[in-house]
Amino acid sequence: MLNVGLTGGIAAGKSAVARQLAELGAVLIDADAIARSVVNPGSPGLAEVAEAFGPGMLTKAGELDRPALGALVFADATAREKLNSIVHPRVRAEAARQRAAAPPDAVIVQDIPLLVETGQGSDFDLVIVVAAPLDERLRRMVRDRGMDEADARARIDAQATDAQRAAVADIVINNSGSLAQLRQQVTEIWEKNIAPSISRAR
């Protein structure tokens, strides 16, 4: 089994890389998807979030009010740490369960937005970081996600810097070009850095 950690700043293109790695044969474990599931309505995680931040973080339907919570935690480091202390242990437990259920010769790609911030770099055989220029990331967040620029900058500032991510990376993918160029880079990484490891293991 080859354990690959995949990370990158918000709007750098990490999700596109994750999808292609899955298409190439990797088993994808998506930390963001797990993080959403552990605060589903009726879950202990959602109950703990409501207790920590108040019932105003829930919609009338009893779901997590993600915009309200996001506005709070991206403006307040203490609140962000509190949320992470609730969500991260649950995410890691579910990721470990999914990893254990994978075939023994699988390539496991764990898509973890906060891999660097949570100190998980050493947990992986290979760490891939997806990077893109700040101006391009801001443009994507404003144009594609409908965010205002101040909110976009706050979310970027709440994450690790490009230098901090590069310091733990085995491979950095530069996603400043087209989707076709990104796909070519990912394919080359698979063929050069991942496929040989699979062959040796078998």
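Here are some notes:
- Filtering the range 102-157 to residues that are without any contact (Cβ under 8 Å) to a residue 24 or more places away in the chain and of a type in the set (V, I, T) leaves only V142.
- Elements of the type helices (runs of 4 or more DSSP H) sitting completely within the range 127-178 and holding at least 1 residues that are at pLDDT 95 or above: these cover 162-168.
- Restricting R137, R145 to residues that are out of contact with any Lys or Arg (no Cβ under 8 Å at 6 or more places or on another chain) and surrounded by 15 or more Cβ atoms within 10 Å (Cβ to Cβ) narrows the list to R137.
The values are calculated or read from the model by the stated rules, or taken from the named source; none is laboratory data. This is a predicted model, so every value here is computed, not measured. Virtual Cβ from ideal backbone geometry, glycine too; neighbours counted across all protein chains shown.
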